[in-house]
Amino acid sequence: MPLTFSVITCTWNSAKYLEQSIASVLAQDYPHIEYIFVDGGSTDGTLEQIRALKRPYRLIENIGGGISRAMNEGIRHATGDVVAHLHSDDYYLRPDVLSTVARHLESTGRGWLFGRIKRDLNGTLEDEGFTSPEYSYARLLSRNFIPHPATFVRRELMMRTRGFDSDFKYAMDYDLWLKLAQLGDPVQLDEAFAAFRVHDGSLSTRHRMAAMAEDYRVRLQHVGANPLSRAMHYTRYLVRRSRALQQEEHT
């Protein structure tokens, strides 16, 4: 049987960008897609856009409590073999994204896969600005280089991790990748699958320092009790924080 994808899109007053996100899913050449929307109480026309869809979908409404809870609610309702989270302001870059992912997951038998993204800056697509290292658990523990919109996880593996930790506001995805990594290595592809939209409402751009601190907190949870390892991660965090502050001063 071919793999079925559960594409989960969390929304909250997302009407401005949702149309492009939906269009990118509908354009996929892979037919086995379960489309799930988790809405936090939109009042701007988001729900009307979803209900106008001419294909089957599932809409879960009035889910409060933050993005982690919304994503977990989507996972709880998912029935597909593979779970993908595509936020309402992000979109797939081409029609063969899911068919490409399915082919690699089936041929390798692995539990999860990640590719790359492009950054959408006011409608202009740009590269990420860095070269992703070859995957290893040690490298991932050093830095989160796995982009959420281009990550696809078998649902059975996702359930073993218990999903996203709602204690985190920014680094819930990083924490999940490290939990998945303890269960098995992913497929790593260098091709870009999705666009991540950068705008004032993006958590990662509005609260960069807080996100960096939370990344460090995640590392401490996964690095263990070795004092040398913890000291190394603390030093690395201080250096990165200092560089980030210097960059902000010059912008």
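The values are calculated or read from the model by the stated rules, or taken from the named source; none is laboratory data. On a predicted model such as this, the values are computed, not experimentally measured, just so you know. For neighbour counting, all protein chains shown are included, and Cβ atoms are generated from backbone atoms with ideal geometry for every residue, glycine included. Areas reflect the complete protein model, heavy atoms only, side chains present, ligands, DNA and RNA absent. Shrake-Rupley method; radii C 1.70, N 1.55, O 1.52, S 1.80 Å.
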For Glu19, are the conditions met, namely being under 21 Å from the mean Cα position of the chain (by Cα), assigned to a helix (DSSP H, G or I) and of a type in the set (D, E, K, R)?
yes
Identify, please: which residue in the range 23-74 is at positive phi and touching a residue at least 60 places away in the same chain (Cβ under 8 Å) and is, among those, most open to solvent (accessible area, probe 1.4 Å)?
Gly65
Could you tell me how many of the residues in the range 107-134 are open to solvent by 30 Å² or more (accessible area, probe 1.4 Å), of a type outside the set (Asp, Glu) and outside any helix (DSSP H, G or I)?
13
Scan of the range 1-22 for residues that are open to solvent by less than 20 Å² (accessible area, probe 1.4 Å), among the small types (Gly, Ala, Ser) and touching a helix residue (DSSP H, G or I) at 6+ places or on another chain (Cβ under 9 Å), ordered by number:
Ser6, Ser14
Among the numbered conditions (1) open to solvent by less than 30 Å² (accessible area, probe 1.4 Å); (2) closer than 22 Å to Arg240 by Cβ; (3) touching a helix residue (DSSP H, G or I) at 6+ places or on another chain (Cβ under 9 Å), tell me where Asn144 comes up short.
(1)
If you check Tyr237 against the conditions, is it modelled with pLDDT of 95 or more, surrounded by 15 or more Cβ atoms within 10 Å (Cβ to Cβ) and part of a helix (DSSP H, G or I)?
no
Give the number of residues within the range 69-85 that are touching a Phe, Trp or Tyr at 6+ places or on another chain (Cβ under 7 Å) and either within 12 Å of Thr9 (Cα to Cα) or of a type in the set (Val, Ile, Thr) (or both).
4
